[in-house]
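Here's the structure, in structure tokens; my notes come after.
The values are calculated or read from the model by the stated rules, or taken from the named source; none is laboratory data. Everything numeric in this text was worked out from a predicted model, so none of it was measured. Reconstructed Cβ throughout: ideal geometry from the backbone, glycine too, with neighbour counts over all protein chains shown. Each accessible area value is taken on the protein alone, full model and side chains, heavy atoms only, with ligands, DNA and RNA left out. Shrake-Rupley method; radii C 1.70, N 1.55, O 1.52, S 1.80 Å.
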Amino acid sequence: MYFHHLHFYVKDTAFWTQWFEHKLSFQRINLSTAPTQHLSEQARCEQTKCEQTRYEPVILTQGSIEIRLSSPQHQPAVATYLSHHPPGLADIALATKDLTATLHRAQRQGATVLQPIHTNRVGQRQCQIQGWADLRHTLIEVDTCRGNSQAHNQIQYHQIQYHQPGAAPPLVSLIDHVVINVPKGDLQAAVAWYQKIFGCQLGQSFEISTANSGLCSQVLTHPEGPLQLPINEPSSKNSQIQEFLNHNRGAGVQHVALRAPDAIEAITQFRHQGLDLLQVPNTYYEDLNQRSDRPIQDLSAISRQQLLLDWAQGGQAGMLLQTFTQPIFSEPTFFFEVIERSDYYENGQTKTAEGFGEGNFQALFEAIERAQIKRGSLQT
């Protein structure tokens, strides 16, 4: 199981299409020109039905990342969602090798089916279930989830690629993790829901705090794929998680991490394209300079692009480079993370740095807290 696509519900798809194209270098896909000769008769009927009702979302891709955008004009479900919440990521779509078994498990555990199994435009079977709170999960059946099950983050994602030959290499290439915020007291219930519905397992857990606020976080993973789903709850009434919940009017997706092959190159380009990012104080890099085991000796490039650096003690197990955008919508809700996981060698094998970087987690929390103070939503 892995992330197939991310479906944002927005009020103006034309504006956000341009935003993803110009700020994050995504490419829009024209479904009318996509090949359909391999589709079954049932799939062609589904395609015709979608075209007649004009329910097709805008689709943008980069690497193995697929973003979908829908507005309320022709979709009642989007209108209903936006009547209760601001624009945001409403549908976290998941790929599975066996849709029937995945859906049966979810139903046995009490999941609500919103759309029964049907064939989509490119001949894949899919359905949709109600997720936690008002979130949705479209489940899509893929032929195979390729890769070494012992190294989930090296899996080659099985997704249809629409990029033209000769296109520039992607600046971000896959969805690394998706973070959900829930109200205080709901963390364990939300974790248990994803465990029983999808068979997720417990990963890292964090408790982050400052003198002003804090959060608790539990990471969920999947035993048969690279799915990583952290869930946060506030540990104080003025926490940034609580600020999100207030503006989002309930639980929802706080941020999505996009994996970059080269974070320095990606952020350099994104800054040039006008992407707004969180600021990191110079003291952060002064502290890094005091650590003799850091995997990068010259910190000038990452400090210039204001990237966060984290690594396991000793510096022999790879490193993480991370940075975060400002909230992309008018309210302080959803933002993106850009993350690079470096490769390293151990016992003759190439591995990729894992985890989330507890030091970076603290630095992120403090950076968002500074933005809270500027907005006047946090009193120190």
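Mind listing just one residue for me: the one in segment 22-55 that is open to solvent by 60 Å² or more (accessible area, probe 1.4 Å) and within 30 Å of Ala266 (Cα to Cα) and, of those, modelled with the lowest pLDDT?
If we take residues in segment 22-55 being open to solvent by 60 Å² or more (accessible area, probe 1.4 Å) and within 30 Å of Ala266 (Cα to Cα), then Thr33 is modelled with the lowest pLDDT.
When you go through Arg291, Arg249, Arg304 one by one, which is the residue that is without any contact (Cβ under 8 Å) to a residue 24 or more places away in the chain, open to solvent by 40 Å² or more (accessible area, probe 1.4 Å) and touching a helix residue (DSSP H, G or I) at 6+ places or on another chain (Cβ under 9 Å)?
On the way: Arg291 fails: touching a helix residue (DSSP H, G or I) at 6+ places or on another chain (Cβ under 9 Å); Arg249 fails: without any contact (Cβ under 8 Å) to a residue 24 or more places away in the chain.
The conditions single out Arg304.
Just to be sure before I move on: is Gln279 closer than 21 Å to Arg375 by Cβ, open to solvent by 40 Å² or more (accessible area, probe 1.4 Å) and outside any helix (DSSP H, G or I) in the structure I sent? Even if it seems obvious, please write down each step before you answer.
Working: closer than 21 Å to Arg375 by Cβ: yes; open to solvent by 40 Å² or more (accessible area, probe 1.4 Å): yes; outside any helix (DSSP H, G or I): yes.
Answer is yes for this residue.
May I ask you to say which residue of Glu331, Glu265 is open to solvent by 40 Å² or more (accessible area, probe 1.4 Å) and in contact with a helix residue (DSSP H, G or I) (Cβ under 8 Å, 6 or more places away or on another chain)?
Values: Glu265 fails: in contact with a helix residue (DSSP H, G or I) (Cβ under 8 Å, 6 or more places away or on another chain).
Exactly one residue qualifies, and that residue is Glu331.
Inspect segment 252-269 for any residue being in contact with an Asp or Glu (Cβ under 9 Å, 6 or more places away or on another chain), more than 15 Å from Val338 (Cβ to Cβ) and either in a strand (DSSP E or B) or among the hydrophobic types (A, V, I, L, M, F, W, C) (or both) and give the result as yes or no.
Yes, some residue in segment 252-269 is in contact with an Asp or Glu (Cβ under 9 Å, 6 or more places away or on another chain), more than 15 Å from Val338 (Cβ to Cβ) and either in a strand (DSSP E or B) or among the hydrophobic types (A, V, I, L, M, F, W, C) (or both).
Take segment 312-328 and flag every residue that is open to solvent by 20 Å² or more (accessible area, probe 1.4 Å), over 16 Å from the mean Cα position of the chain (by Cα) and of a type in the set (A, V, I, L, M, F, W, C).
Ala312, Ala317, Met319
Which of the residues spanning segment 91-125 are of a type in the set (S, T, N, Q), over 27 Å from Gly250 (Cα atoms) and in contact with a helix residue (DSSP H, G or I) (Cβ under 7 Å, 6 or more places away or on another chain)?
Correct list: Thr96, Thr119, Asn120.
Which of the residues that make up segment 74-84 are open to solvent by 10 Å² or more (accessible area, probe 1.4 Å) and either touching a Lys or Arg at 6+ places or on another chain (Cβ under 9 Å) or in contact (Cβ under 8 Å) with a residue 60 or more places away in the chain (or both)? Give the derivation first.
Quick first cut of segment 74-84, residues open to solvent by 10 Å² or more (accessible area, probe 1.4 Å) only: 74-77, 79-84.
Those that are open to solvent by 10 Å² or more (accessible area, probe 1.4 Å) and either touching a Lys or Arg at 6+ places or on another chain (Cβ under 9 Å) or in contact (Cβ under 8 Å) with a residue 60 or more places away in the chain (or both): His74, Ala77, Tyr81, Leu82, His84.
Out of everything in segment 191-241 that is in a helix (DSSP H, G or I) and surrounded by fewer than 16 Cβ atoms within 10 Å (Cβ to Cβ), what residue ends up being nearest to the chain's Cα centre (by Cα)? Steps first, please.
First, the residues of segment 191-241 that are in a helix (DSSP H, G or I): 191-198, 240-241.
So of that shortlist, the ones also surrounded by fewer than 16 Cβ atoms within 10 Å (Cβ to Cβ) come out as 192, 195-196.
Values: Ala192: 20, Gln195: 19, Lys196: 21 Å.
Per the stated criteria, the residue is Gln195.
Tell me, yes or no, whether segment 177-190 has at least one residue that is within 30 Å of Lys23 (Cα to Cα), in contact (Cβ under 8 Å) with a residue 40 or more places away in the chain and not in a strand (DSSP E or B).
Going residue by residue through segment 177-190, those that are within 30 Å of Lys23 (Cα to Cα) are 177-182.
This time we only want the ones that are in contact (Cβ under 8 Å) with a residue 40 or more places away in the chain, so: 177-182.
From what's left, not in a strand (DSSP E or B): 182.
Checked against the condition, which is being within 30 Å of Lys23 (Cα to Cα), in contact (Cβ under 8 Å) with a residue 40 or more places away in the chain and not in a strand (DSSP E or B), segment 177-190 yields at least one hit.
Of everything in segment 140-176, what is at pLDDT 55 or above, assigned to a loop (DSSP other than H, G, I, E, B), within 14 Å of His4 (Cβ to Cβ) and open to solvent by 30 Å² or more (accessible area, probe 1.4 Å)? Give them in sequence order.
Asp143, Thr144
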